[in-house]
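Below is one structure, written out as structure tokens, with a few remarks after it.
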Amino acid sequence: MKIFLDSADVDAIRRAHDTGLLDGVTTNPSHIAKSGRKFADVVAEICRITAGPVSAEAMGESAEGLVDEALKIAAIAPNVVVKIPMTVEGLKAVSVLRSQDKGVRTNVTMVFSSTQAYLAMKAGADFVSIVLSRLDAVGNESYALVDDTVTIKQNYGYESQVLAGSMKTQNHVLSCLRSGADIATVPDTLFFQMFKHPLTDSGLAQFTEDWQKVPK
């Protein structure tokens with residue numbers, strides 16, 4: 001399973017990239033707004049940090065508007081993937097971008113049901129983003145949706161990558177690993193939390209203490 005950072009904080013992205021374990025980045029309007037910088041400037045800098053896919057969101061209500069916006073965003077860098085909303089107009093835009101071979105990769109976002117995931121894959125989305133924490137907040141079992149989406153992909157041979165986003169805990173990550181999701185997107189805090197375990201810390205502390213006793 002690939003790991004993407006869900007952020008527009010270029011310092012955090014750079015730290016994660018320096019581990020050698022980061023495969024890409026996803027952003028959204030809220031992350032960009034927090035940066036206080038111009039949208040294109042932030043996306044371009046992130047694309048210089050990582051060679052992996054960088055998802056940036058197109059805003060628009062009509063398919064035509066989304067296609068136009070997608071073309072502008074994709075022109076920022078070769079590794080840009082354009083986020084498209086899970087709506088009728090959004091999936092029309094995905095189909096147009098795919099059928100006209102415009103070279104724009106798409107990430108259908110705000111997917112909250114198996115049938116939405118199926119339609120996004122059928123439309124030809126390169127990535128299908130399931131937003132886990134929002135589902136959990138309303139009492140839905142987000143891991144079941146990831147399971148179902150992976151099953152639909154396997155049953156019908158779709159090429160879309162199943163992206164499990166908005167993770168808050170390591171249990172989210174574990175559930176996605178068990179389900180066979182293609183990608184997990186995590187905040188930088190969770191990314192670095194995965195490196196840690198109290199038994200690792202105590203074991204290394206013991207080794208350090210004992211090493212001091214070894215004759216030099």
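The table below gives the values:
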item: Computed lengthening from Asp11 to Val88, 0.36 nm per intervening residue step minus Cα-Cα distance; result: 24.1 nm
item: Virtual spin-label span in nm between Thr19 and Thr189, 7 Å along Cα→Cβ; result: 1.5
item: Whole-Å distance, taken between Cα centres, linking the stretch 1-24 and the stretch 70-146; result: 21
item: Nearby lysines by direct alpha-carbon distance to Lys38 (threshold 17 angstrom, same-chain neighbours under 8 apart not counted); result: Lys72
item: Tilt relative to the chain, helix 142-156 - C-alpha long axis, 0 to 90 degrees, to 10; result: 60
item: Shape call, the stretch 2-211: gyration tensor on alpha carbons, a/c limit 1.5; result: oblate
item: Length-normalised contact order of the stretch 35-81 in % [C-alpha pairs under 8 Å, at least 6 apart]; result: 43
item: Cα-centre dipole for the stretch 2-211 with unit charges at Cβ (Lys and Arg positive, Asp and Glu negative), debye to 20; result: 340
item: Unit charges at the beta carbon, dipole of the chain: most positive-side option, Val96, Val111, Gln161; result: Gln161
item: With Cα atoms, 0 to 90° folded angle of helix 39-49 axis to the chain main axis; result: 50
item: Residue-averaged 222 nm ellipticity for the chain, from DSSP H runs of 4+ at -39500 (n - 2.57), nearest 500; result: -15000 deg cm²/dmol
item: The chain: relative contact order in percent, alpha carbon pairs under 8 Å with at least 6 residues between; result: 18
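Read the figures in this text as sums done on the coordinates, not as results from a lab. Not measured: the values here are computed from a predicted model. Positions of Cβ are backbone-derived with ideal geometry, glycine not excepted, and every protein chain shown enters the neighbour counts.
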